[in-house]
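The values are calculated or read from the model by the stated rules, or taken from the named source; none is laboratory data. Quick caveat, the model's predicted, so the values are computed rather than measured. Here Cβ is always computed from backbone atoms with ideal geometry, including for glycine, and neighbour counts include all displayed protein chains.
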Amino acid sequence: MKRIVAVKLRPTADQFAALEATLLLCNNVANEIAKAAQAMPQRSRRALQVALYPEVKARGLSAQPALHVLRKVADAYAVRQANLDNGNCGKPSSRRYMAVSQKAIQFRARAAQAFDDRCLSWQIDASTISIWTATGRMRGVRFICAPWQRKLLAARKGETDLVFRDGCFYLHATIDQDAPELYAPQDAASGWLGVDLGIVNLAVTTDDDPDGLDVRWSGGAVTARRKKNAALRSALQRVGTKSAKRKLKARRRKEHRFASDINHQLAKTIVARAQRTGRGIAIEDLSGIRERVRLARAQRAQVHSWGFAQLRGYITYKAEMAGVPVSIVEPRNTSRTCSKCGYCAKANRLSQAEFRCRRCQWSCHADYNAAHNIAVLGHQRYRVAQSTCL
């Protein structure tokens with residue numbers, strides 16, 4: 001499995017200027033290559049290298065950085081073509097599709113740049129790196145990291161990205177790590193921890209108390225915090241002074257960090273519960289929900305403002321690190337089906353929080369009932385997958 005370890009650089013003033021000049025040069029060359037690639041019939045890594053490598057080298061880049069710039073451009077065009085093919089930019093005849101497909105890709109002036117072990121080497125004991133820059137090889141650039149990150153970096157191999165964010169330089173190192181073998185949960189629905197995702201309650205599991213759900217994961221508290229941030233952002237934008245703009249710039253990533261922190265806490269708690277009890281995790285697949293669900297204008301911001309895809313990604317990779325199996329299930333009718341008798345009807349859902357079966361009269365919190373249905377579906381999907389592998 002691959003992990004990303006992010007460490008912060010502490011360069012001197014001269015080192016900072018050299019790193020910044022390196023990103024400016026690489027991205028300036030990348031933009032020129034992207035313009036040339038737009039007119040080429042083939043934009044693969046091989047095609048760009050054969051046609052444009054001498055031109056890139058002539059701009060002052062060494063061999064390996066030149067190859068990485070060409071690969072960055074080729075990969076960007078590959079991602080754009082995948083989005084076009086998947087319909088993410090509309091139909092081929094639409095105005096948006098034409099605007100995207102006919103415009104050359106552009107990179108930010110300080111966009112991230114990849115380095116391999118020939119261009120960047122680590123001195124873990126000294127907490128320094130040696131890196132190629134536009135002004136030559138630069139040694140002794142200090143970095144800081146946590147002890148657990150230092151252990152991972154000691155065994156790293158592969159590429160490292162130089163990232164400029166909020167006035168600071170970071171290194172994102174790719175680590176190849178052996179994942180533990182996934183254990184087999186109990187062959188029953190009780191061997192799975194069902195997770196229901198929602199707006200009022202971000203995540204409800206089959207272990208939660210239906211009469212007193214954990215308020216830390218209440219979507220109401222999160223929404224209140226986000227509304228407060230939005231009101232402050234709107235007020236600062238109306239002021240429009242230089243100090244207000246500085247304040248906006250300082251706060252622009254604060255809400256993102258808040259949401260990521262909540263998702264990390266949720267994922268860590270869910271994976272720890274499953275690992276402690278030897279169960280798997282069953283979670284619903286909400287892919288494409290924005291296109292499927294029709295909502296009033298006042299509800300759109302609330303429903304679509306939380307990163308459930310990010311939360312699912314956090315749960316998946318943390319579970320893989322812990323050896324916990326994960327089953328992704330279709331969420332259709334999980335909130336309308338009784339987890340006791342299996343009767344499915346829209347009338348079973350009396351309100352957002354109340355569920356009462358029309359057949360057996362069993363009642364409980366609606367999200368708690370859905371979590372049990374998701375656990376059953378996760379168990380069934382896992383058994384089908386195991387029988388297919390045999």
Quick one: which helices (runs of 4 or more DSSP H) lie wholly within the range 237-310 and hold at least 2 residues that are in contact with a Lys or Arg (Cβ under 7 Å, 6 or more places away or on another chain), closer than 30 Å to GLN186 by Cα and modelled with pLDDT of 90 or more? 254-277
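Just to be sure before I move on: is LEU84 surrounded by 14 or more Cβ atoms within 10 Å (Cβ to Cβ), assigned to a helix (DSSP H, G or I) and in contact (Cβ under 8 Å) with a residue 24 or more places away in the chain in the structure I sent?
no
Output the residues belonging to the range 349-370 that are of a type outside the set (A, V, I, L, M) and under 22 Å from ILE283 (Cα atoms). Spell out how you get there, then give the answer.
Narrowing the range 349-370 to residues of a type outside the set (A, V, I, L, M): 349, 351-352, 354-365, 367-369.
Matches in the range 349-370: ARG349, GLN352, GLU354, PHE355, CYS364, HIS365, ASP367, TYR368, ASN369.
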Return yes or no: is GLY198 in the same structural domain as TYR368 (by TED's automatic domain parsing), over 20 Å from VAL324 (Cβ atoms), in contact with a strand residue (DSSP E or B) (Cβ under 8 Å, 6 or more places away or on another chain) and touching a residue at least 40 places away in the same chain (Cβ under 8 Å)? yes
Does ILE129 qualify as being modelled with pLDDT of 95 or more and either surrounded by 12 or more Cβ atoms within 10 Å (Cβ to Cβ) or not aromatic (Phe, Trp, Tyr) (or both)? yes
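Okay, residues lined up against (1) at pLDDT below 90; (2) surrounded by 15 or more Cβ atoms within 10 Å (Cβ to Cβ); (3) in a helix (DSSP H, G or I):
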site	(1), (2), (3)
ILE315	no, yes, yes
GLU320	no, yes, yes
ILE328	no, yes, no
PRO331	yes, yes, no
SER339	no, yes, no
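Residue check: is ARG137 without any contact (Cβ under 8 Å) to a residue 12 or more places away in the chain, touching a strand residue (DSSP E or B) at 6+ places or on another chain (Cβ under 7 Å) and either among the aromatic types (Phe, Trp, Tyr) or not in a loop (DSSP other than H, G, I, E, B) (or both)? Explain how you work it out, then say what you get.
Working: without any contact (Cβ under 8 Å) to a residue 12 or more places away in the chain: yes; touching a strand residue (DSSP E or B) at 6+ places or on another chain (Cβ under 7 Å): yes; either among the aromatic types (Phe, Trp, Tyr) or not in a loop (DSSP other than H, G, I, E, B) (or both): yes.
The answer is yes for ARG137.
Quick grid of which residues meet (1) outside any loop (DSSP other than H, G, I, E, B); (2) more than 30 Å from GLN149 (Cβ to Cβ):
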site	(1), (2)
GLN49	yes, yes
VAL69	yes, no
CYS89	no, yes
ARG110	no, no
Filter the range 21-58 down to residues that are closer than 12 Å to LEU70 by Cβ and basic (Lys, Arg) and give me whichever is surrounded by the most Cβ atoms within 10 Å (Cβ to Cβ). ARG43
